[in-house]
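Have a look at the structure below, then the notes.
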C-alpha cells in the first residue's frame, strides 16, 4: 500500500526547481498567494506545512486543503564569445495535501504530503553545456504525520517525523569531446528510484495579543542516499567499451534544513499582513559525488552552495463572505556562488510576485486560486570547476509562472 | 463562470510573461569592422588545406581553419566559401589512389597501440576539377610553388603537386592566379612552412640553399634561400592586395617545437633494456676507449636511461682507428672493417639533438642493413641522418625561420596587413596555451592521457580538427583587434581528436 501510494505520488509530482537551488516553494494555494508566508498564519490546514504548531489554533474540527500548481519555467542561455544559444522549458505539477483533525481542546493531529524539493531541467541533448548536464529530473515527496499541542491560550508547539521518497534521473555527456564511431557524443545516465529517508519538522506559535502571532519552524536536513542506482553509458566508442561499462552508483543528495521565523498581524477584522524569513542551510551541499561500482574514478562535482535567506511579505483581505483576496512578494536569495553556476540549477536571486483569491462556495467548501510570477535578472555567470579545468558560462535569464488551484474543506 | 474567466486571464498573462528575453541578443554586437568578408580566399599549404593525419580527407578538410573562419565570417557578411571537392572520398580514408606515399589517413589501432594508415583503398583520384576555390591551400607547396605555372599539370609529375593537379584551372595555372579568380576582398596567407619543414622532417638530409637564388635547382628537402622567400612573398602579397583586399598573414612556426621532433627523447633506451645485452655492453666499452669519450659505456643502473646512438655527419671520421682497434679484439676482428664504417661518425645523442617521430618505430628493432649483433637501431646500429636533427641542422632551420618571419612581418607592415604570429603561438603552446574557456592546451603528441586535449594530429606535424579550431580563434583575435571587428570564436573542445579504432582491417 505504501509503495502504491508513493508511486502514485511520484507520478503526480513532476516539479521544477525555480526557487534558490532545487527548493520548490509552492506548498499551498492560500499561503502562496500571500508571498508564501505562513509560519505565523492560521488560515487553513496548510499550516501543517508552514508551522505544525498552528494546527492547534484552527477553529474547525476537520480541515482539508488540496491543491496543485501548473508550473511553467523557462531558462535561456547565450554566450556571445562563441555565438551559443540554448534554452530549456519545463512544465511541472507540484501538489500538496493537508488534513488536520482536532482530537480535543488542546491536541490536534494532521497529515501533510507535499513536494518541497525537485528539479527538472532539459537542455537540448549535446548542447554546449552537455558535459555538465543534458537533463535532470529530481523528485522528492514528503509525507509528514503531525501533532500540535496547545499550551494555554497563547502558545502551542507542533511537529512530526517526515518520511521522504524520491528519485533522481540525471544525464550528461562524459566529457566535452568523446563520441562513438558515428560521431554521437558519449553520455551517462544515472537513475535511482525509491530512495527513502527520514527527517522531522518542529515549531512553535505564540500569540501575545489577539491580533499578533509569532511563529518559528525548523525542518531538518535530509540526505537522500541513492544506493546501487543504475549508471548507464550510451554511445560508447568501442575502444572505451571495456572501461565505460554499465554499472551501479552511489551518491548523496542533501535536502537542506530550513529555519523559518515570522509574524502576522490582524490589522482590521478583514485585513491581515504577514512576514516570513527563511534561512536555508544550503552549505550542506558541498559537492555532488557519484561513486561507480565498476572501478571508474568517482565523479566529483563541487557545488559549494552557501546558506541563503528568503524574505517574504504577504497580505489577505476578506472582501465579502464569498471572496477573500491575497497578494504577496518575496526576495529569494540564490545559494549558488559565482563560479559554481551550473546549468543543472541555473538559478540566481529572484523576486516573486504572488496573488490569489478564495471563492467560498458555502460555509464548508472554498475554492482557492493563486498565481506566482518569479522574476530573475539576467546574469553572467559560469561553472569553473569541471574536471578538465575548463569553465562553462554565459548569460542566463529565467522566468517562472505558476497558476494554481485548490480546495479547502472544513467543518 | 466569473472565476473561470479570471483564471484564464491569469494563465494568459502568465504565458506572455513566462518568455525570458535578453537585453541584447547574442549577435547584437557582431561586426566585420573595417574588413569585407564577401569574398574570402585562403592561400597556403597543408595547414590551410585542412591536412591532418598525413593526408586530406573529406571530413578532415571540413575542419580546415579557413572553413571554420568562413562560418564565423558568415555571421558578419561573409560570402560563400568553397574548398576543393573531396566528394569522391566516400569512406573518408583520404590518401590519393595510385600516388606513392599518399597513403590513407592515420588512425590509432588500439589493438596494436601505434598510429597506422586506416585500412582500405583510397578513392581520391587526380580527376581534374579545373575550378578555382576559395580555399587555395595546397599541401606540400613551398612559397615559390604558388607562382609556378605547371605546378598543377599532371604531365609534370612527380614535380607537379597531386593536390593542385586535382583543381588547377589549366595545365599552366598557378595557385596564386587561380586564387585571384575569386577576386578576394579578404585573404589569409600562411605560406612558407614547407620552405623549411621538409628539410626538418627529412632529418636535414637536404641542402641549405641560403645564398643560391636559383630555386629551380632546389631539391625537395632543401631550405629555401631567404632572399628568394622575401621576393616571392612580396609578389604574392602585391598580387593579393591588387584589388584592395585586406587580410591576415601568418608567420612560420618554429617547426622543431612540434611533436614530430619532441616526442621521442634523446635518451630513449631504458637501462633495463640493454643491461642484459652482453654484445652491446662490450661494444660500448670498446667504443668508449677507441673514440676517446665520443661514446660512453652503457649504464646498467635500473631506472637510468641511455642515449640512443646516432650518426653525426659533422664529426671527423674515426673509421680507421675503430677498424684498427677491432682487428686486435678476437670477437670483433671478423667485423673490423664494417665496424669502422658503422661507427666512424657515431656518437650518443644529447639533449641538443632531436630524434624524429618515425624513429620511435625503429629504435630497438633490427636494421636490415646491419649484421647481427650490430644491427639494433639506436643501440648497436646508429640512427641515420634522416632520423635525427643535430644542432648544426637545428641552427640552419632556426636561422631560416627567423629570416622568413622577418620578411613576412615587414612585408605585412608595408602593406597594412595584420599578422597572426603563429611562431609565438606555437611557443606558448609548448609551455601551455590557456584559451578562453580556461582549457590549457600543449604541443604534446597523442597519448591516452592527452586524447581529449591533444591539438596535433597523428602525423605529429599538422594540427588535428581541435588544433585547427585553436588556430581559427587565434586568427579571429588578430582580425578583431586589427580590423576593429567583433567575430565570435569557435569552441575548440567540441572538435574531434584522433580516430581510435579497436582493429584496422
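The values are calculated or read from the model by the stated rules, or taken from the named source; none is laboratory data. Values in this document were obtained by computation on a predicted structure and should not be read as measured data. Note that we place each Cβ from the backbone using ideal geometry, even for glycine, and neighbour counts take in every protein chain shown.
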Problem - Filter result for residue A:38 (outside any loop (DSSP other than H, G, I, E, B), in contact with a helix residue (DSSP H, G or I) (Cβ under 8 Å, 6 or more places away or on another chain) and in contact (Cβ under 8 Å) with a residue 40 or more places away in the chain) - result: no
Problem - Yes/no for residue A:189 being away from every other protein chain (no Cβ under 14 Å), modelled with pLDDT of 95 or more, more than 20 Å from the chain's Cα centre (by Cα) and in a strand (DSSP E or B) - result: yes
Exercise for the section: Sort through A:334, A:370, A:350 and tell me the only one that's touching a helix residue (DSSP H, G or I) at 6+ places or on another chain (Cβ under 7 Å) and either surrounded by 24 or more Cβ atoms within 10 Å (Cβ to Cβ) or closer than 23 Å to residue A:71 by Cα (or both). Expected result: A:370
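Taking segment B:368-393 on its own, how many of its residues are in contact with a strand residue (DSSP E or B) (Cβ under 8 Å, 6 or more places away or on another chain) and surrounded by fewer than 19 Cβ atoms within 10 Å (Cβ to Cβ)?
Residues meeting the conditions: 6.
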Fill in the blank from the handout: Out of (1) closer than 29 Å to residue B:183 by Cα; (2) in contact with a helix residue (DSSP H, G or I) (Cβ under 7 Å, 6 or more places away or on another chain), the one residue B:242 does not meet is (2)
Practice task
Go through (1) over 14 Å from residue A:33 (Cβ atoms); (2) surrounded by 19 or more Cβ atoms within 10 Å (Cβ to Cβ); (3) away from every other protein chain (no Cβ under 11 Å); (4) touching a strand residue (DSSP E or B) at 6+ places or on another chain (Cβ under 7 Å) one by one and return the number of the condition residue A:316 breaks.
Solution key: (1)
Problem - Condition check for residue B:57: closer than 29 Å to residue B:104 by Cβ, at pLDDT 95 or above, more than 10 Å from every other protein chain (Cβ to nearest Cβ) and buried (at least 20 other Cβ atoms within 10 Å of the Cβ) - result: yes
Problem - strands (runs of 3 or more DSSP E) enclosed by segment B:98-164 - at least 1 residues per element that are more than 14 Å from chain A (Cβ to nearest Cβ) and farther than 26 Å from residue B:236 by Cα - result: B:106-109, B:115-117
Completion exercise
Within segment A:122-145, residues under 11 Å from residue A:344 (Cα atoms) and more than 14 Å from chain B (Cβ to nearest Cβ) come out as A:122, A:123, A:133, A:134, A:135, A:136, A:137, A:138
Exercise for the section: Would you check if there is a residue in segment A:141-153 being assigned to a loop (DSSP other than H, G, I, E, B), over 24 Å from residue A:199 (Cα atoms) and out of contact with any helix residue (DSSP H, G or I) (no Cβ under 6 Å at 6 or more places or on another chain)? Expected result: yes
Practice task
Being part of a strand (DSSP E or B) and over 22 Å from residue A:333 (Cα atoms) is the filter here, so list the residues in segment A:369-391 that pass it.
Solution key: A:369, A:370
Completion exercise
Counting only residues in segment B:478-493 that are in a helix (DSSP H, G or I) and either away from every other protein chain (no Cβ under 13 Å) or free of Cβ contacts under 8 Å to residues at least 24 places away in the same chain (or both), the one surrounded by the fewest Cβ atoms within 10 Å (Cβ to Cβ) is identified as B:481
Fill in the blank from the handout: Scanning segment A:245-302 residue by residue, those outside any strand (DSSP E or B) and under 30 Å from residue A:54 (Cβ atoms) turn out to be A:256, A:257, A:267, A:268, A:269, A:270, A:281, A:282, A:283, A:284, A:285
Exercise for the section: Might you check whether a residue that is part of a strand (DSSP E or B), modelled with pLDDT of 95 or more and surrounded by fewer than 21 Cβ atoms within 10 Å (Cβ to Cβ) occurs anywhere in segment B:440-461? Expected result: no
Exercise for the section: Return a yes/no flag: does segment B:68-79 have any residue that is within 26 Å of the chain's Cα centre (by Cα) and assigned to a loop (DSSP other than H, G, I, E, B). Expected result: no
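I need the strands (runs of 3 or more DSSP E) fully contained in segment A:67-118, keeping only those with at least 1 residues that are within 14 Å of chain B (Cβ to nearest Cβ) and at pLDDT 95 or above. Working first, answer last.
Values: elements: A:71-79, A:84-92, A:95-102.
In segment A:67-118, the matching strands (runs of 3 or more DSSP E) lie at A:71-79, A:84-92.
Condition check ((1) modelled with pLDDT under 90; (2) outside any loop (DSSP other than H, G, I, E, B); (3) under 29 Å from the mean Cα position of the chain (by Cα)) across all residues:
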| site | (1), (2), (3) |
| --- | --- |
| B:315 | no, no, no |
| B:322 | no, yes, no |
| B:325 | no, yes, no |
| B:329 | yes, no, no |
| B:341 | no, yes, no |
| B:351 | no, no, yes |
| B:358 | no, yes, yes |
| B:370 | yes, no, no |
Exercise for the section: Give the number of residues within segment A:385-396 that are facing another protein chain (nearest Cβ under 7 Å) and surrounded by fewer than 21 Cβ atoms within 10 Å (Cβ to Cβ). Expected result: 4
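Yes/no matrix, rows are residues, columns are (1) at pLDDT 95 or above; (2) buried (at least 20 other Cβ atoms within 10 Å of the Cβ):
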site	(1), (2)
A:138	no, yes
A:141	no, yes
A:146	yes, yes
A:150	yes, yes
A:153	no, no
A:158	yes, yes
A:173	yes, yes
A:177	no, yes
A:182	no, no
